[in-house]
Each structure stands twice: as C-alpha cells, then as structure tokens.
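The values are calculated or read from the model by the stated rules, or taken from the named source; none is laboratory data. Fair warning: this is a prediction, and the values are worked out from it, not measured in the lab. All Cβ positions, glycine included, derive from the backbone under ideal geometry; neighbour counts span all protein chains shown. These accessible areas exclude ligands, DNA and RNA; they are computed on the full protein's heavy atoms, side chains included. Shrake-Rupley method; radii C 1.70, N 1.55, O 1.52, S 1.80 Å.
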Amino acid sequence: MVFGEGNTVMKDRAILHSDLNCFFASVETVLNPEYRGKAIAVCGSTEERHGIVLAKSEKAKRAGVKTGMVNRDALALCPELIIVPPQYEYYLKFSNLVREIYYRYTDLIEPFGMDECWLDVTGSISLFGSAEQIAEEIRAAVKRELGLTVSIGVSFNKVFAKLGSDMKKPDAVTVITRENFRDKVWPLPVGELLYAGRSTVAKLNRMGVFTIGELAAISPEIIKSSLGKNGLSLISFARGEDSSRVMKCDFVSPVKSIGHGITCVSELKSEQEVWKVFLSLAQDIGHKLRLHAVRAAGIQITVKGEDLTYRQYQCPLHFPTQSPSAIARAALRLFRSNYTWAQTVRSLTVRAINLVPYNTACQLDVFTDSAKIIRQEKLDDTVDSIRMRFGKSAITAAVLLGDLKIPGETRVNTVMPKLMYR
C-alpha cells in the first residue's frame, strides 16, 4: 500500500488489531479441556447478585447467549449452558502470554482491554514479510502455543484494523487496504465504527445516516452542529483519515479518573447503609489516588435502583483531596441532595474526577481549617501504609465492622479502553 506525490513515494502504516475470540470462555476450555466444544458462559455470582454473562463460548453464542445477559435468561435460551465463575488471575496470565507473542514482532503494542491489542508492524515488514503474513504467523502461534484463537484486522490505520478484526470470527485474518476500504467498510452500519456509541448512532440515524459510507459523505458542518468535535472525528474515521499512533508496550496512559463500584447482596434501604458502602468504596479510591500521586478535584456517583435504571450525579470539591473520608462525605452529600428514595438502591459507584497532580497548589478560603486537613492527610497516609503492609482488614473504620451488604469476593481491576492518542 503506497501513495505518491511528485517524485516522493510514501508507504502507508501497517497496523494490526488482534482480538482474542471469546477470551474468558476460551481460557476456561484450555484450563478444563472437558468444556471444549460445549456451551459455556463465564458469569458473576448469582448469590451475590453479579449474575450476568461476562463471556460465552461460540456454541453458547450461537444459542443466543449474549454478554451482559442475566444468568437465568441465558439458561432459558440454552438449557445445557455450563456456568463457570471468573478466574481473573488466569485471564491476566494468558493475556500477558499472548502479548509476549506480539512482542516478537514489535514493541508498538497498545492494549484495548485485556483481550485486544493494536500492533504497529510497519518497521517489521523488512524482517518478517508483509503485514498479512505477520498477522497469519501471530494467529498460528497463539493457537499452537496457547490453545486460543484470535481474529486479526490488517489495515493502514487503527480504526479500520479494529473493524477488520470484527469482520471474521473466530480464527481469521481480514485485510482492509486503501484501495478496498470503500467496498468493505462503507456498507457497514455506522454503529460498527469505533466510538460510535448508542446515543451517537441514534442521533445519526435521525439525520438519515445509517452506514459508514453515508457518514463519510455528509457535510462536516452538519455533523458538528449536532455532535460537536466528536462528530468531526467520526467523519475522519469513516473516510480513512485516522492518524492516531499505536503506543509502545510500556506506555502508561494518563489517569483520567479513578472509581470503584459494587452491586450489593441486597437492596440498601437507608442513608446509613449507603454511607457504609460509600466509605468502603472510598478506601480503595484513596489508595489508588496515592499510587498515582494525584488528588481528586471532583466526585461522581452512580446510583442503580432495584429496577436496574441508573442515575449519575457529580460535583466539584472545595479543595483537591486523596482522603477516603472526604471523598465518602462528598459522595453522601451528593446522594442526599439528589436521590429521592423512590426505590431502594441496588448498586453504587464512586468515581474521583478532575484529577490534578499531588503537588498542585490550591487556594483555600478563609473558612477552611488547613491544619485539620493536614492532620487528616497524615492519618490517611498512616492507615493506607498499614493496610498495604498487613492487608485491607488490618485496620478499618468501626462503622464498617457490621453488615455492609457488600459482596465478599475479591475483585480484580482491569484496565479499560481509553481514547486513542494522536
């Protein structure tokens, strides 16, 4: 894939997007060969009310089982479905093993979740052959060495490589070139385009835009008036003009927010119960703020009711903080001023937003007791140090010793996809 201007000939980039097929379920079949060829689903705990499908095998998928489906609905569609609990430590291990295979060809490896990665192999072609050959070698190596399958998209930019990996599943390689992308990409529904979310797609549909090709043809001014800068980015993606880089494998993207949430084992029916959950969640958030050397200048909470609808509220803080107690109190104030208790609470999430570096100076007002803030910070630092050294249960607030309605299982945090870097 080349293009020229005058006597200058420039090569397109060679970008791969590798997507592990039915990843969690596939790892389970490697760990338990008796599951191979059967309908299995990795699901959260029904008893602790995390009973939804996290991943499913190909056979379960063909039976209609979908990610996010409640366990009982999945079983109704597929009575022979085998439900297994998640084993995140193994998924992380296999994810790292797959990335070691990628690393044989390039160090430009950008994760997009635990099971997906972009690879820039432009500089590897002279050593290993074409981008398609490299993709085929990776696909074969993952299958041979780990017993997993991948679908790989090959293209001249990240957006089309991602589209390519979705076109053929499982265990396939799809090539989208500058010459054929209009035929392969433009007929697809506009919702297939990266970052075209549900609400964006609904707006585009109301404008008469249903395919990626129709989006590529529309006037940027019309899109901008409805979708702003995001709409202009989507038009650029549809036209094959994405120039975002694939970051190096050791790149750490800036932290934009830090949050923690849980689904309670039974409904929360009082403000006191809500306070306990907020305080428990804030312990982990404060710890992560310290690890990243940042403070939160704002708080966001998400409240899900018994009918599974959710409400989200946010507010700025009077001063940036890492204090779990300050974060929890702000979350409770936000909850108290917005939630009407029309129904009981099923789950809560707290998120620290508007993060600033730890050493950023801030102006306090005359009513703020700075000495009290300093004392609280020292106390929080000490508590966090004890918990890091001796475990989370080594020291805790007395109010958290009773029934918290919080699941007892240990959760593993995963790095979620972020926006691409240009």
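Numerical summary
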quantity: Count of residues meeting criterion [of a type in the set (A, V, I, L, M, F, W, C) and open to solvent by less than 50 Å² (accessible area, probe 1.4 Å)] in the stretch 83-107; calculated: 4
quantity: Qualifying residue in the stretch 232-239 (condition: of a type in the set (S, T, N, Q) and more than 30 Å from I353 (Cα to Cα)); calculated: no
quantity: Pick from the stretch 193-204, criterion at pLDDT below 90 and not charged (D, E, K, R), ranking: least open to solvent (accessible area, probe 1.4 Å); calculated: G197
quantity: Selection status of K169, open to solvent by 10 Å² or more (accessible area, probe 1.4 Å), of a type in the set (K, R) and without any contact (Cβ under 8 Å) to a residue 60 or more places away in the chain; calculated: no
quantity: Considering residues of the stretch 301-332 that are open to solvent by 40 Å² or more (accessible area, probe 1.4 Å) and among the polar types (S, T, N, Q) only, the residue modelled with the lowest pLDDT; calculated: T309
quantity: Residues satisfying the stated conditions in the stretch 48-75, i.e. assigned to a loop (DSSP other than H, G, I, E, B), open to solvent by 30 Å² or more (accessible area, probe 1.4 Å) and free of Cβ contacts under 8 Å to residues at least 60 places away in the same chain; calculated: A63, K66, T67, G68, M69
quantity: Criterion (free of Cβ contacts under 8 Å to residues at least 40 places away in the same chain, in contact with a strand residue (DSSP E or B) (Cβ under 9 Å, 6 or more places away or on another chain) and open to solvent by less than 10 Å² (accessible area, probe 1.4 Å)) met by exactly one of I176, I134, I152; calculated: I176
quantity: Selected residue [over 28 Å from G113 (Cα atoms), part of a strand (DSSP E or B) and out of contact with any Ser or Thr (no Cβ under 8 Å at 6 or more places or on another chain)] from L317, L334; calculated: L317
quantity: Residue under evaluation M207, criteria (1) open to solvent by less than 30 Å² (accessible area, probe 1.4 Å); (2) in contact (Cβ under 8 Å) with a residue 12 or more places away in the chain, criterion not met; calculated: (1)
quantity: Considering residues of the stretch 386-400 that are of a type outside the set (V, I, T) and closer than 12 Å to Q283 by Cα only, the residue least open to solvent (accessible area, probe 1.4 Å); calculated: L400
quantity: Selection count where residues are surrounded by fewer than 24 Cβ atoms within 10 Å (Cβ to Cβ) and assigned to a helix (DSSP H, G or I), scope the stretch 10-26; calculated: 1
quantity: Helices (runs of 4 or more DSSP H) contained in the stretch 111-189 and holding at least 3 residues over 19 Å from Y91 (Cα atoms), of a type in the set (A, V, I, L, M) and modelled with pLDDT of 95 or more; calculated: 131-146, 158-167
quantity: Residue among D369, D365, D381 that alone is at pLDDT below 90, more than 28 Å from the chain's Cα centre (by Cα) and surrounded by 13 or more Cβ atoms within 10 Å (Cβ to Cβ); calculated: D381
quantity: Number of the condition not met by I262 [criteria: (1) crowded, with 19+ Cβ neighbours inside 10 Å; (2) at pLDDT 90 or above]; calculated: (2)
quantity: Output for the stretch 213-259, where each listed residue is under 22 Å from T177 (Cα atoms) and open to solvent by 40 Å² or more (accessible area, probe 1.4 Å); calculated: E214, A217, S233, R239, E241, S243, R245
quantity: Some residue of the stretch 268-286 being part of a strand (DSSP E or B) and either crowded, with 17+ Cβ neighbours inside 10 Å or touching a residue at least 40 places away in the same chain (Cβ under 8 Å) (or both); calculated: yes
quantity: Test: residue in the stretch 243-257 that is under 27 Å from I374 (Cβ atoms) and at pLDDT below 90; calculated: yes
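Per-residue answers, yes or no, for (1) closer than 22 Å to G164 by Cβ; (2) part of a helix (DSSP H, G or I); (3) under 27 Å from the mean Cα position of the chain (by Cα); (4) among the small types (G, A, S):
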| position | (1), (2), (3), (4) |
| --- | --- |
| L194 | yes, no, yes, no |
| S199 | no, yes, yes, yes |
| K203 | no, yes, yes, no |
| G208 | no, no, no, yes |
| E214 | yes, yes, no, no |
| I223 | no, yes, yes, no |
| L227 | no, yes, yes, no |
| L232 | no, yes, yes, no |
